Amino acid sequence: MVEELLSLKDVRAGYGRTEILNGVSFAVSKGERLAVIGRNGVGKTTLLATIMGLTRLHGGAITHAGARIDALPTHRRAERGLGLVPQTRDIFKSLTVEENIVAGLRGEGTLEQAYALFPRLKERRRNRGGQLSGGEQQMLAIARALAGRPSLLLLDEPLEGLAPVICDMLMDVFRRLAADGRTTVVLVEQHVEMAIDFADRVIILDAGQIVYEGLPADIRSDGSILSRFVGVALEPT
Ligand SMILES: Nc1ncnc2c1ncn2[C@@H]1O[C@H](COP(=O)(O)OP(=O)(O)OP(=O)(O)O)[C@@H](O)[C@H]1O
Ligand SMILES: [Mg+2]
């Protein structure tokens, strides 16, 4: 049987009294690669933030590895193995690359692992975060999150604004992480093609609700799903 790692049941959450997620339910199995797609402003970032405990939960339940986590503060969720790479790429701009990664180290994480995944960061280890290019800053944000050895990695539009060659390189890193079976990945991404390519399963959000859940193959074979819910079309193959 596939082991359930994370589940959301009828989750309603937002900022202050404003409710953005209006009853979201889904589960992620251990080792799974889940993609979450949807138009701008539908609540994708809010969903990841809610899993990390960064929004106001109005109702519903969040369970991780068999235990309710929805009342836990963010740092306790991180200790349980949840790691978020936010859309804002929050790195320490005044610290060096190496200091940024060291600040994220936890458990069995090491600097060497980070540099093995991102040789570019090793070359730039003495540079300050603020001196890096956009792509390098994204690599650093990911490396810092991975230094915490998360078993559940939440990625919020990691490809945003990056050159195709860097996108390919990052997707390759995510694939390698997921392939070892110990990292479960939830990927929020506007690059629908890449997200679908990567995922075992896809969820489409619209106006704070899940409007579609299915397999990449289903989405590929029925073009109306993406055009209807996301307003995009896949490149013909
Ligand atoms: N800190 C906040 N306070 C109040 N409202 C917010 C806050 N952050 C986001 N919102 C609102 O919540 C809604 C969902 O935003 P969210 O950032 O989750 O969307 P998204 O799907 O991630 O969009 P994008 O694709 O543009 O990143 C939007 O209407 C947004 O204006
Ligand atoms: Mg977002």
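The values are calculated or read from the model by the stated rules, or taken from the named source; none is laboratory data. Here the structure is a predicted model, which means the values were calculated and not measured. Here Cβ is always computed from backbone atoms with ideal geometry, including for glycine, and neighbour counts include all displayed protein chains.
For Gly107, the conditions (1) crowded, with 19+ Cβ neighbours inside 10 Å; (2) of a type in the set (Gly, Ala, Ser); (3) at pLDDT below 95 all hold with the exception of (1). Looking at Arg12, Arg33, Arg56, just one residue is over 29 Å from Ala143 (Cβ atoms), away from ligand 2 (no atom under 14 Å from the Cβ) and crowded, with 16+ Cβ neighbours inside 10 Å, and that residue is Arg12.
Results for (1) within 24 Å of Asn22 (Cα to Cα); (2) surrounded by fewer than 15 Cβ atoms within 10 Å (Cβ to Cβ); (3) in contact with a Ser or Thr (Cβ under 7 Å, 6 or more places away or on another chain); (4) of a type in the set (Gly, Ala, Ser), shown as yes or no for each residue.
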| residue | (1), (2), (3), (4) |
| --- | --- |
| Ile142 | no, no, no, no |
| Leu146 | no, no, no, no |
| Glu189 | yes, no, no, no |
| Ile203 | yes, no, no, no |
| Gly208 | yes, no, no, yes |
| Asp222 | no, yes, no, no |
| Ile225 | yes, no, no, no |
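For Leu72, the criteria (1) outside the structural domain of Pro216 (by TED's automatic domain parsing); (2) without any contact (Cβ under 8 Å) to a residue 24 or more places away in the chain hold in every case but one, which is (1). Against the conditions (1) outside any strand (DSSP E or B); (2) under 24 Å from Ser25 (Cα atoms), Leu146 satisfies every one except (2). Does Val24 satisfy the criteria of being more than 19 Å from Thr184 (Cα to Cα), within 15 Å of ligand 1 (Cβ to nearest atom), assigned to a strand (DSSP E or B) and free of Cβ contacts under 8 Å to residues at least 60 places away in the same chain? Taking the combined requirement at face value, the residue does not satisfy it.
Annotation note: of Thr50, Thr63, the sole residue that is at pLDDT 95 or above, farther than 20 Å from Gly161 by Cα and assigned to a strand (DSSP E or B) is Thr63. In the condition set (1) modelled with pLDDT of 95 or more; (2) buried (at least 17 other Cβ atoms within 10 Å of the Cβ); (3) part of a loop (DSSP other than H, G, I, E, B); (4) in contact with a Gly (Cβ under 7 Å, 6 or more places away or on another chain), Asn100 is compliant with all but (3).
Per the conditions (1) within 11 Å of ligand 1 (Cβ to nearest atom); (2) in a strand (DSSP E or B); (3) within 23 Å of Phe174 (Cα to Cα), the sole criterion not satisfied by Leu34 is (1).
Selection of first residues in segment 176-194 that are among the acidic types (Asp, Glu) and of second residues that are in a loop (DSSP other than H, G, I, E, B) and surrounded by fewer than 19 Cβ atoms within 10 Å (Cβ to Cβ), restricted to Cβ pairs under 8 Å at least 6 apart or on distinct chains, gives the following pairs, ordered by first then second residue: Glu193/Leu234; Glu193/Glu235. Residue count for segment 66-79 under the criterion of being assigned to a strand (DSSP E or B) and either within 16 Å of ligand 2 (Cβ to nearest atom) or hydrophobic (A, V, I, L, M, F, W, C) (or both): the result is 1. Out of Leu47, Leu84, one residue alone is within 16 Å of ligand 1 (Cβ to nearest atom), within 22 Å of Asp197 (Cβ to Cβ) and under 19 Å from the mean Cα position of the chain (by Cα). It is Leu47.
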